[in-house]
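Trainee: Structure below; questions to follow.
Bear in mind that the values in this text are calculations on the coordinates, not laboratory data. Just so we're clear, the structure is a prediction, and the values are computed from it rather than from any experiment. Here the Cβ is made from the backbone with ideal geometry for all residues, glycine too, and neighbour counts use every protein chain on show.
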């Protein structure tokens with residue numbers, strides 16, 4: 001049977017990952033939550049994987065299934081994650097050039113799993129968020145970050161972003177194993193525009209700032225752990 005993996009459900013990913021000891025996938029609903037919503041989700045996941053050719057007709061693993069299970073194992077083992085809107089990235093400790101990405105195609109129901117170069121992730125982000133493709137203004141050369149005045153902050157906080165482009169970026173770093181009581185590190189930021197200006201909001205520290213396009217790109221590079229000086233090469 002040919003393999004047709006346009007996307008996989010969360011339950012299907014856990015069913016595959018289970019063969020490699022995967023019990024938790026960052027950015028996805030937890031297994032227990034899925035089972036609570038649908039007690040038959042595991043059986044449905046198996047049937048779905050057979051229909052897609054990921055499992056054989058008698059439920060055995062194909063080469064594609066083994067590859068996906070291995071990717072999910074490394075995804076779970078990662079100590080650091082980043083999320084760019086619907087793209088969840090797991091960093092690999094021994095590979096500075098690649099990440100494992102789980103992309104949410106449809107909210108909480110359809111995902112893809114890929115082993116990607118970091119440059120591909122960056123290019124995917126800027127192609128999906130049109131304001132990142134703007135040409136830098138002269139103004140962007142005069143500052144990096146500027147704290148908003150109280151009036152500016154009030155105006156921005158009252159903006160209706162329902163139909164606006166927003167780039168949400170989150171980073172998570174697991175607590176060291178020798179510090180079990182440590183909660184780890186979580187950072188978050190939202191980026192959008194107000195007219196021709198770029199806005200950065202840190203919801204965890206209640207910080208509102210104007211940000212230059214240069215600094216916004218640098219932050220994306222820093223989050224992906226790419227040296228910012230490589231930007232020209234990435235766009236070649």
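Trainee: Each label point is 7 Å from the Cα along the Cα-to-Cβ direction; what then is the distance between the points at residue 77 and residue 137, in nm?
Mentor: That separation, rounded to one decimal, is 4.8 nm.
Trainee: Cα centroids of the range 192-216 and the range 76-134: how far apart, whole angstrom?
Mentor: Cα centres, the range 192-216 to the range 76-134: 22 Å.
Trainee: Would you mind checking the tilt of helix 41-51 against the longest principal axis of the Cα atoms of the chain, expressed as 0 to 90 degrees and rounded to 10?
Mentor: That helix lies at roughly 80 degrees to the long axis.
Trainee: Just to be sure I understand the model, the point goes 7 Å from the Cα along the line to the Cβ. What's the resulting residue 35 to residue 115 distance in nm?
Mentor: Going by the 7 Å Cα→Cβ label model, 3.0 nm.
Trainee: Can you list the residues of the range 57-90 with backbone N under 18 Å from a point 7 Å past the Cα of residue 188, pointing along Cα to Cβ?
Mentor: 81-89
Trainee: On a full-extension model of 0.36 nm per residue, what is the gain between residue 225 and residue 61, subtracting their alpha-carbon distance, rounded to one decimal in nm?
Mentor: Length gained, residue 225 through residue 61: 55.6 nm.
Trainee: If one takes the longest principal axis of the Cα atoms in the chain, at what angle in degrees, from 0 to 90 and to the nearest 10, does the Cα axis of helix 213-224 lie?
Mentor: Roughly 30 degrees, rounded to the nearest 10.
Trainee: When the chain is treated as a GNM, springs tying every alpha-carbon pair under 10 Å, which of 108, 70, 12 comes out with the largest mean-square fluctuation?
Mentor: Per the Cα network of the chain with a 10 Å cutoff, 108 tops the list.
Trainee: Which angle from 0 to 90°, rounded to the nearest 10, does the C-alpha axis of helix 63-77 make with the longest principal axis of the chain?
Mentor: Relative to the chain, helix 63-77 is tipped by roughly 50 degrees.
Trainee: In what sequence do 134, 153 fall when counting other Cβ within 10 Å, fewest first?
Mentor: In order of increasing Cβ crowding within 10 Å: 134, 153.
Trainee: For a quick check: sort 137, 219 by the number of other beta carbons within 10 angstrom, fewest at the front.
Mentor: The order, fewest Cβ neighbours first, is 137, 219.
Trainee: Please report the relative contact order for the range 130-235, taking Cα pairs under 8 Å with a sequence separation of at least 6, and give it as a percent rounded to a whole number.
Mentor: In percent, rounded to a whole number, it is 27.
Trainee: Given the options 155, 97, 80, which has the most mean-square fluctuation in a GNM of the chain, springs set between C-alpha atoms less than 10 angstrom apart?
Mentor: 155
Trainee: At a 10 Å Cβ-Cβ cut-off, how would you order 143, 221, 198, fewest neighbours first?
Mentor: So the residues, fewest neighbours to most, are 143, 221, 198.
Trainee: Among 164-170, 58-64, how do they line up from the highest to the lowest mean number of other beta-carbon atoms within 10 Å?
Mentor: My ranking of the peptides, most packed first, is 164-170, 58-64.
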